[in-house]
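The next block holds one structure in the form of structure tokens; read it before the comments.
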Amino acid sequence: MGTKKKQDNVIPFPGAGQRVAFERVKAKRVGPESQAQLGLFETRNAEILPLGNLSSFELALRFDENGDDRAIEYYEKAIAEGDAGDDAYSNLGIIYTKSGDTVSAFDCFTRSLLQNPRHFESHYNLANLYFESGDVRMSRLHYEFAGRLEPEFPNVYFNLGLIYAVEENFPKAMEALSRFKALVPEEEGRKADELLISLQLSVTPKS
């Protein structure tokens, strides 16, 4: 019989194989300032541009969004050319994650952070990988830092709510889930309601 863990009495943390939503860089950031300010994205519509006018990263993104395997080749080409290498590594990591190559995914996300230590998507995606493998501490650290970089990104707070619950930090879990609800439409926020009720019951003294 296995040893009962402290977490067995609280909300279960996802184990290996649990899927979470990874965050792709959807447009190449513009200018050197964008390496420190992660919210500044290119506004032109790539859909109206002919392929010949697209950079290697933009071509890779186009292929990626259409599920075309050529995305890997062009992300690697973008990295070799110094074309948004941090973004290219991050998106490449998602492709490897989807194919089950977790080691290569970790390699890509960490290489992205070597180029840009404040890369939001790579911190968030690394947190997701740790989340899936059940590494609570490392997942929390990356989610918390991602939340500092993009404080209006709701999924950070939903996942943090789960992690804080596993760590039995119920006040922080409720705070994170309430923050998630404040950032999403009412219908989407309902998925946090059941967790909030469970957490409230966990901290209510039994008579």
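Readers should treat all values here as calculations from the given coordinates under stated rules, not as data from a laboratory. Please read all numbers here as calculations on a predicted model, not as lab measurements. Here the Cβ positions follow ideal geometry from the backbone for every residue, glycine too, while neighbour counts run over all protein chains shown.
Using the Karplus curve 6.51 cos²θ - 1.76 cosθ + 1.60 with θ = phi - 60°, what ³J(HN,Hα) values do you get for each residue of the stretch 158-171, in whole Hz, with x for Gly and Pro?
5, 5, 5, x, 5, 5, 4, 5, 4, 7, 6, 9, 5, x
HN-Hα J couplings of the stretch 78-92 from phi, Karplus 6.51/-1.76/1.60, θ = phi - 60°, integer Hz, Gly and Pro as x?
Values, residue by residue: 4, 4, 5, 8, x, 9, 6, x, 5, 5, 5, 4, 5, 5, 5 Hz.
How many nm is it between the label spots at Ala182 and Glu73, if each spot is 7 Å from the Cα in line with the beta carbon?
4.9
Between Arg118 and Lys26, how many nm apart are label points set 7 Å from Cα along the C-beta direction?
Result for the modelled spin labels: 2.2 nm.
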